[in-house]
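Okay, structure first, notes after.
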Amino acid sequence: SEPSAAGPGMPAPGLPVLSLRKTFRFEAAHRLPRVPPGHPCGTLHGHSYRVALHLRGPLDPVLGWVVDFGEVSRVARPLIARLDHACLNDVPGLENPTSENLCLWFAEQLAPCLPALWAIEVEETESSSARYELPVGRQV
């Protein structure tokens, strides 16, 4: 179901606004080509990435959801499959595949298809992640 005409994050009169999270995982290798010589991230290595898509919008009073999680998966899974067991440096747009650039790459790919998307978090380890919050008006 589409969010109300009020738009993502903008409640229609009387409708509660909720935030959702849908996570995906993939395994990939990368190296960071712009780090100083000798930096450990300059050599090829891999991560078990977790990508969290954060969505926000008014609750559809008939369906009882903000967005169909199945639709989120339908849109995101082809991107995850493209990155899984790949060398991220070989993916167009990810020549410098930092977690920050992965957030921006996912936003560019997903925002046109997921109107309720408001933030993307990429975790490369349990203790290291980047989060990008899409601007209001969403011109990524």
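The values are calculated or read from the model by the stated rules, or taken from the named source; none is laboratory data. Keep in mind the model is a prediction, meaning the values are calculated, not measured. Virtual Cβ from ideal backbone geometry, glycine too; neighbours counted across all protein chains shown. Note: areas computed on protein heavy atoms with side chains; ligands, DNA, RNA excluded. Shrake-Rupley method; radii C 1.70, N 1.55, O 1.52, S 1.80 Å.
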Review point. Counting only protein heavy atoms and using a 1.4 Å probe, what share of the accessible area of the chain belongs to carbon plus sulfur, as a whole percent?
Key: 55
Review point. With every protein chain left in place, what is the accessible area per residue of the range 32-134 in square angstrom, probe 1.4 Å?
Key: 50
Check your understanding: If the label point is 7 Å along Cα→Cβ of C113, which residues in the range 46-90 have backbone nitrogen under 17 Å from it?
Key -> 51-55, 67-84
Check your understanding: Can you give the Kirkwood hydrodynamic radius for the chain, in Å, rounded to one decimal and based on Cα pairs?
Key -> 16.0
Exercise for review: Determine the sum of side-chain charges near S73: Lys and Arg each +1, Asp and Glu each -1, restricted to other residues whose C-beta is under 14 angstrom from that of S73.
Suggested key: +3
Revision key, fill the gap. Candidates G64, G38, G93; GNM for the chain (alpha-carbon contacts under 10 Å) flags as most fluctuating G38
Practice item. Per residue of the range 65-71, in order, report the coupling 6.51 cos²θ - 1.76 cosθ + 1.60 (Karplus, θ = phi - 60°) as ³J(HN,Hα) in whole Hz, putting x for Gly and Pro. Key: 9, 8, 8, 6, 4, x, 5
Check your understanding: For the chain, what does -39500 (n - 2.57) per DSSP helix run (n ≥ 4), summed and divided by total residues, give at 222 nm, in deg cm²/dmol to the nearest 500?
Key -> -6000 deg cm²/dmol
